[in-house]
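This report concerns only the one structure given below.
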Amino acid sequence: MAIAFTTIKQVTAQLYDRSLRGIPKDTEAALRSADARERNETARHTLRVMLQSAEAAQREQHFICSDAGVPVYFVKVGVQAQFAGNLRQAITEGFAELVDTIQPPLLPHVTHPLTLARGYRGKGMPIVTFDLVDDCDHVEITCSPKALGSGRWAALEIFSFPDLKTIEEFVLDTVIQAGAQPCPPVVIGVGIGGTFDYAAKMAKEATLRPIGTAHAEPMVADMERRLVQAVNQTGFGPMGTGGDSTAMAVHVNYCAGHGFTPVAVAFNCWINRRTRARLFNDGRVEILE
(Lines give C-alpha, C1' and ligand atoms only; values in the text may rest on other atoms or scores of the structure.)
Protein backbone atom coordinates (compact mmCIF):
# COMPACT_ATOMS: atom_id res chain seq x y z
CA MET A 1 0.00 0.00 0.00
CA ALA A 2 0.92 3.66 -0.31
CA ILE A 3 0.02 6.80 1.61
CA ALA A 4 -2.95 8.30 -0.22
CA PHE A 5 -2.80 11.78 -1.73
CA THR A 6 -6.15 12.64 -0.12
CA THR A 7 -4.90 11.52 3.30
CA ILE A 8 -1.93 13.88 3.10
CA LYS A 9 -4.24 16.73 2.05
CA GLN A 10 -6.66 16.13 4.89
CA VAL A 11 -4.08 15.55 7.63
CA THR A 12 -1.90 18.56 6.81
CA ALA A 13 -4.94 20.84 6.63
CA GLN A 14 -6.19 19.47 9.96
CA LEU A 15 -2.77 19.99 11.56
CA TYR A 16 -2.80 23.66 10.58
CA ASP A 17 -6.39 24.11 11.75
CA ARG A 18 -5.71 22.46 15.13
CA SER A 19 -2.58 24.53 15.71
CA LEU A 20 -4.73 27.68 15.73
CA ARG A 21 -7.28 26.49 18.31
CA GLY A 22 -5.24 25.22 21.24
CA ILE A 23 -1.82 24.90 22.80
CA PRO A 24 0.33 21.77 23.17
CA LYS A 25 0.07 19.86 26.44
CA ASP A 26 3.67 20.59 27.40
CA THR A 27 3.06 24.30 26.83
CA GLU A 28 0.01 24.27 29.08
CA ALA A 29 2.06 22.53 31.78
CA ALA A 30 4.90 25.06 31.37
CA LEU A 31 2.51 28.01 31.74
CA ARG A 32 1.00 26.49 34.88
CA SER A 33 4.48 25.89 36.27
CA ALA A 34 5.44 29.49 35.50
CA ASP A 35 2.31 30.68 37.32
CA ALA A 36 3.31 28.68 40.38
CA ARG A 37 6.83 30.18 40.41
CA GLU A 38 6.05 33.73 39.33
CA ARG A 39 6.59 36.44 41.98
CA ASN A 40 5.02 39.33 40.05
CA GLU A 41 1.26 39.64 40.65
CA THR A 42 0.55 41.24 37.26
CA ALA A 43 2.56 38.53 35.52
CA ARG A 44 0.64 35.80 37.35
CA HIS A 45 -2.64 37.37 36.27
CA THR A 46 -1.39 37.50 32.66
CA LEU A 47 -0.37 33.84 32.72
CA ARG A 48 -3.82 32.89 34.00
CA VAL A 49 -5.50 34.92 31.27
CA MET A 50 -3.37 33.06 28.71
CA LEU A 51 -4.45 29.70 30.11
CA GLN A 52 -8.10 30.78 30.17
CA SER A 53 -7.83 32.00 26.58
CA ALA A 54 -6.34 28.70 25.45
CA GLU A 55 -9.04 26.72 27.25
CA ALA A 56 -11.82 28.88 25.79
CA ALA A 57 -10.41 28.63 22.26
CA GLN A 58 -10.27 24.85 22.45
CA ARG A 59 -13.69 24.59 24.04
CA GLU A 60 -15.39 26.97 21.59
CA GLN A 61 -13.14 26.03 18.64
CA HIS A 62 -12.09 29.62 18.09
CA PHE A 63 -8.63 30.92 17.21
CA ILE A 64 -6.41 31.83 20.16
CA CYS A 65 -4.80 34.63 18.14
CA SER A 66 -6.06 36.53 15.10
CA ASP A 67 -2.60 36.25 13.52
CA ALA A 68 -2.84 32.72 12.15
CA GLY A 69 0.56 33.16 10.54
CA VAL A 70 1.56 31.31 7.41
CA PRO A 71 1.62 27.50 7.10
CA VAL A 72 5.02 25.96 7.83
CA TYR A 73 5.59 22.21 7.72
CA PHE A 74 8.54 20.03 8.69
CA VAL A 75 8.33 16.67 6.94
CA LYS A 76 10.43 13.64 7.85
CA VAL A 77 10.14 11.11 5.06
CA GLY A 78 10.98 7.50 5.83
CA VAL A 79 12.99 5.93 3.02
CA GLN A 80 10.55 3.00 2.99
CA ALA A 81 7.44 5.19 2.85
CA GLN A 82 5.42 5.03 -0.34
CA PHE A 83 3.19 7.76 -1.77
CA ALA A 84 0.24 7.62 -4.15
CA GLY A 85 0.76 11.11 -5.55
CA ASN A 86 2.94 14.16 -5.04
CA LEU A 87 3.62 15.04 -1.41
CA ARG A 88 4.18 18.79 -1.75
CA GLN A 89 1.23 19.15 -4.09
CA ALA A 90 -1.02 17.42 -1.56
CA ILE A 91 0.08 19.84 1.19
CA THR A 92 -0.49 22.83 -1.10
CA GLU A 93 -3.95 21.66 -2.15
CA GLY A 94 -4.86 20.87 1.45
CA PHE A 95 -4.07 24.43 2.52
CA ALA A 96 -6.00 25.89 -0.44
CA GLU A 97 -9.10 23.89 0.46
CA LEU A 98 -8.77 24.87 4.12
CA VAL A 99 -8.68 28.56 3.17
CA ASP A 100 -12.03 28.12 1.41
CA THR A 101 -13.74 26.28 4.28
CA ILE A 102 -12.22 27.22 7.64
CA GLN A 103 -14.34 29.12 10.17
CA PRO A 104 -13.67 31.75 11.22
CA PRO A 105 -11.97 32.74 7.95
CA LEU A 106 -8.23 33.22 7.85
CA LEU A 107 -6.87 36.71 7.37
CA PRO A 108 -4.69 37.12 4.24
CA HIS A 109 -1.26 36.90 5.85
CA VAL A 110 0.65 35.45 2.86
CA THR A 111 2.65 38.43 1.63
CA HIS A 112 4.67 38.92 -1.58
CA PRO A 113 8.08 40.09 -0.31
CA LEU A 114 8.66 42.50 -3.21
CA THR A 115 5.22 44.03 -3.81
CA LEU A 116 3.77 43.51 -0.31
CA ALA A 117 0.55 42.26 -1.92
CA ARG A 118 -1.33 40.03 0.53
CA GLY A 119 -3.47 36.97 -0.03
CA TYR A 120 -3.54 33.22 0.59
CA ARG A 121 -1.25 31.92 -2.15
CA GLY A 122 2.27 32.72 -3.19
CA LYS A 123 5.58 31.39 -4.41
CA GLY A 124 6.87 28.62 -2.14
CA MET A 125 3.74 28.64 0.03
CA PRO A 126 3.10 26.62 2.17
CA ILE A 127 6.69 26.54 3.40
CA VAL A 128 7.80 22.90 3.57
CA THR A 129 11.17 21.39 4.45
CA PHE A 130 11.97 17.72 3.93
CA ASP A 131 14.39 15.34 5.64
CA LEU A 132 14.98 11.68 4.86
CA VAL A 133 14.94 9.16 7.73
CA ASP A 134 16.66 5.78 7.32
CA ASP A 135 14.99 2.50 8.36
CA CYS A 136 11.55 4.12 8.52
CA ASP A 137 8.29 3.25 6.74
CA HIS A 138 6.20 6.32 7.56
CA VAL A 139 6.17 10.08 7.08
CA GLU A 140 6.06 12.40 10.10
CA ILE A 141 4.63 15.88 9.51
CA THR A 142 4.91 18.75 11.98
CA CYS A 143 2.96 21.96 11.46
CA SER A 144 4.29 25.09 13.17
CA PRO A 145 2.77 28.23 11.61
CA LYS A 146 4.94 31.32 11.76
CA ALA A 147 3.31 34.62 12.68
CA LEU A 148 4.63 38.17 12.90
CA GLY A 149 5.38 38.39 16.62
CA SER A 150 7.82 35.51 16.80
CA GLY A 151 8.96 35.55 13.18
CA ARG A 152 10.08 39.18 13.09
CA TRP A 153 12.67 38.84 15.85
CA ALA A 154 14.67 35.84 14.70
CA ALA A 155 18.34 36.65 14.11
CA LEU A 156 21.53 35.11 12.74
CA GLU A 157 25.16 36.15 12.93
CA ILE A 158 28.33 34.46 11.74
CA PHE A 159 31.33 34.41 14.07
CA SER A 160 34.93 33.26 13.64
CA PHE A 161 35.93 30.65 16.23
CA PRO A 162 33.59 31.97 18.97
CA ASP A 163 33.77 30.74 22.55
CA LEU A 164 30.66 29.80 24.56
CA LYS A 165 30.53 33.23 26.20
CA THR A 166 30.35 34.96 22.81
CA ILE A 167 27.57 32.67 21.62
CA GLU A 168 25.52 33.08 24.79
CA GLU A 169 25.94 36.85 24.74
CA PHE A 170 24.59 36.94 21.18
CA VAL A 171 21.55 34.91 22.20
CA LEU A 172 20.86 37.27 25.11
CA ASP A 173 21.41 40.37 22.95
CA THR A 174 18.83 38.99 20.51
CA VAL A 175 16.35 38.40 23.33
CA ILE A 176 16.88 41.90 24.73
CA GLN A 177 16.40 43.48 21.32
CA ALA A 178 13.17 41.52 20.84
CA GLY A 179 11.85 42.47 24.26
CA ALA A 180 8.19 41.58 24.71
CA GLN A 181 7.36 41.72 21.02
CA PRO A 182 7.52 37.92 20.40
CA CYS A 183 4.67 37.58 22.97
CA PRO A 184 6.42 35.89 25.91
CA PRO A 185 6.78 33.58 27.65
CA VAL A 186 8.51 32.22 24.59
CA VAL A 187 10.30 29.07 23.51
CA ILE A 188 13.71 29.99 22.12
CA GLY A 189 15.55 27.82 19.63
CA VAL A 190 19.28 28.23 19.03
CA GLY A 191 21.17 26.72 16.10
CA ILE A 192 24.97 26.70 16.24
CA GLY A 193 27.43 25.70 13.52
CA GLY A 194 27.03 24.12 10.14
CA THR A 195 26.33 26.69 7.44
CA PHE A 196 24.26 29.88 7.23
CA ASP A 197 21.09 28.10 6.11
CA TYR A 198 21.52 25.03 8.29
CA ALA A 199 21.97 27.04 11.50
CA ALA A 200 18.61 28.72 10.90
CA LYS A 201 16.98 25.35 10.25
CA MET A 202 18.44 23.94 13.48
CA ALA A 203 17.19 26.93 15.45
CA LYS A 204 13.63 26.56 14.19
CA GLU A 205 13.68 22.80 14.76
CA ALA A 206 14.94 23.41 18.31
CA THR A 207 11.74 25.34 19.10
CA LEU A 208 9.77 22.17 18.29
CA ARG A 209 11.39 20.07 21.01
CA PRO A 210 9.02 19.29 23.90
CA ILE A 211 9.41 21.65 26.84
CA GLY A 212 11.14 19.97 29.75
CA THR A 213 13.53 17.90 27.67
CA ALA A 214 17.23 18.73 27.89
CA HIS A 215 19.89 18.19 25.25
CA ALA A 216 21.52 14.76 25.50
CA GLU A 217 25.02 16.22 25.79
CA PRO A 218 25.79 17.66 29.27
CA MET A 219 27.74 20.64 27.93
CA VAL A 220 24.82 21.71 25.74
CA ALA A 221 22.27 21.00 28.47
CA ASP A 222 24.27 23.26 30.79
CA MET A 223 24.18 25.99 28.14
CA GLU A 224 20.41 25.65 27.91
CA ARG A 225 20.06 26.00 31.68
CA ARG A 226 22.29 29.08 31.79
CA LEU A 227 20.43 30.71 28.94
CA VAL A 228 16.90 30.15 30.22
CA GLN A 229 17.96 31.46 33.63
CA ALA A 230 19.54 34.56 32.08
CA VAL A 231 16.55 35.21 29.80
CA ASN A 232 14.17 35.03 32.75
CA GLN A 233 16.30 37.57 34.60
CA THR A 234 15.65 40.19 31.89
CA GLY A 235 12.34 41.00 33.58
CA PHE A 236 10.22 41.32 30.43
CA GLY A 237 7.75 38.74 31.70
CA PRO A 238 4.47 37.55 30.16
CA MET A 239 3.47 39.92 27.34
CA GLY A 240 5.86 42.51 28.76
CA THR A 241 4.07 42.82 32.12
CA GLY A 242 7.27 42.19 34.08
CA GLY A 243 8.28 39.26 36.24
CA ASP A 244 10.24 36.04 36.02
CA SER A 245 8.52 34.31 33.08
CA THR A 246 10.04 35.54 29.82
CA ALA A 247 10.96 32.08 28.47
CA MET A 248 9.43 28.65 28.99
CA ALA A 249 12.51 26.99 27.49
CA VAL A 250 15.73 27.54 25.57
CA HIS A 251 16.65 24.63 23.30
CA VAL A 252 20.01 24.37 21.52
CA ASN A 253 20.95 22.35 18.44
CA TYR A 254 24.43 22.30 16.98
CA CYS A 255 26.35 20.88 14.04
CA ALA A 256 30.03 20.66 13.18
CA GLY A 257 31.21 23.10 10.58
CA HIS A 258 34.17 25.25 9.57
CA GLY A 259 35.94 27.86 11.70
CA PHE A 260 33.22 30.31 10.76
CA THR A 261 30.31 29.55 13.07
CA PRO A 262 26.79 30.74 12.30
CA VAL A 263 24.55 31.22 15.34
CA ALA A 264 20.80 31.52 14.75
CA VAL A 265 18.07 32.38 17.26
CA ALA A 266 14.36 31.69 16.67
CA PHE A 267 11.28 32.27 18.80
CA ASN A 268 7.91 30.62 19.28
CA CYS A 269 5.35 32.79 21.08
CA TRP A 270 3.48 31.63 24.19
CA ILE A 271 0.96 29.67 22.07
CA ASN A 272 3.92 27.59 20.84
CA ARG A 273 2.00 26.30 17.82
CA ARG A 274 3.04 22.74 17.11
CA THR A 275 0.93 19.85 15.82
CA ARG A 276 2.32 16.57 14.56
CA ALA A 277 1.14 13.36 12.90
CA ARG A 278 2.56 10.18 11.35
CA LEU A 279 1.17 8.63 8.19
CA PHE A 280 1.89 4.97 7.49
CA ASN A 281 1.94 2.91 4.30
CA ASP A 282 -0.96 0.79 5.56
CA GLY A 283 -3.26 3.82 5.83
CA ARG A 284 -2.93 4.42 9.58
CA VAL A 285 -2.71 7.99 10.86
CA GLU A 286 -1.21 8.57 14.30
CA ILE A 287 -1.76 11.99 15.92
CA LEU A 288 1.26 12.76 18.09
CA GLU A 289 0.51 16.33 19.20
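The values are calculated or read from the model by the stated rules, or taken from the named source; none is laboratory data. Note that the structure is a prediction, hence the values are computed from the model and not measured. Methodologically, a virtual Cβ is constructed for each residue, glycine included, from the backbone with ideal geometry; neighbour enumeration extends over all protein chains shown.
As a summary of the residue check, Val128 satisfies the conditions (1) surrounded by fewer than 16 Cβ atoms within 10 Å (Cβ to Cβ); (2) closer than 20 Å to Gln10 by Cα except for the one numbered (1). Within the option set Pro113, Pro104, Pro108, being touching a His at 6+ places or on another chain (Cβ under 8 Å), more than 16 Å from Ile3 (Cα to Cα) and either among the acidic types (Asp, Glu) or loosely packed, with under 15 Cβ neighbours inside 10 Å (or both) holds for one residue only, Pro104. Within region 24-53, restricting attention to residues that are surrounded by fewer than 21 Cβ atoms within 10 Å (Cβ to Cβ) and among the hydroxyl-bearing types (Ser, Thr, Tyr), the residue that is nearest to Val187 (Cα to Cα) is Ser33.
So that you can scan it fast, the table gives a plain yes or no per residue for (1) free of Cβ contacts under 8 Å to residues at least 60 places away in the same chain; (2) more than 18 Å from Leu156 (Cβ to Cβ):
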| site | (1), (2) |
| --- | --- |
| Gly189 | no, no |
| Lys204 | no, no |
| Pro218 | yes, yes |
| Arg225 | yes, yes |
| Pro238 | no, yes |
| Ser245 | no, yes |
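Does at least one position in region 52-72 carry a residue that is part of a helix (DSSP H, G or I), hydrophobic (A, V, I, L, M, F, W, C), within 21 Å of Gly237 (Cβ to Cβ) and touching a residue at least 12 places away in the same chain (Cβ under 8 Å)? Yes; the residues of region 52-72 include at least one that is part of a helix (DSSP H, G or I), hydrophobic (A, V, I, L, M, F, W, C), within 21 Å of Gly237 (Cβ to Cβ) and touching a residue at least 12 places away in the same chain (Cβ under 8 Å).
Going by the structure shown, is Ala247 of a type in the set (Gly, Ala, Ser), assigned by TED's automatic domain parsing to the domain that holds Arg152, buried (at least 18 other Cβ atoms within 10 Å of the Cβ) and under 25 Å from Glu217 (Cβ atoms)?
On the way: of a type in the set (Gly, Ala, Ser): yes; assigned by TED's automatic domain parsing to the domain that holds Arg152: yes; buried (at least 18 other Cβ atoms within 10 Å of the Cβ): yes; under 25 Å from Glu217 (Cβ atoms): yes.
Judged against the criteria, Ala247 is a match.
Of all residues in region 171-192, those that are surrounded by 20 or more Cβ atoms within 10 Å (Cβ to Cβ) and either farther than 30 Å from Leu51 by Cβ or within 14 Å of the chain's Cα centre (by Cα) (or both) total 11.
For region 116-125, residues that are more than 18 Å from Tyr73 (Cα to Cα) and surrounded by 12 or more Cβ atoms within 10 Å (Cβ to Cβ) total 2.
For region 142-166, the candidate set comprises residues that are assigned to a helix (DSSP H, G or I) and of a type in the set (Ser, Thr, Tyr); within that set, the residue that is farthest from the chain's Cα centre (by Cα) is Thr166. Looking across region 115-139, the residues that are part of a strand (DSSP E or B) and not aliphatic (A, V, I, L, M) come down to Arg118, Gly119, Thr129, Phe130, Asp131, His138.
Which members of region 130-154 meet the condition of being under 28 Å from Leu106 (Cβ atoms) and among the aliphatic types (A, V, I, L, M)?
Narrowing region 130-154 to residues under 28 Å from Leu106 (Cβ atoms): 130-131, 139-154.
The answer is Val139, Ile141, Ala147, Leu148, Ala154.
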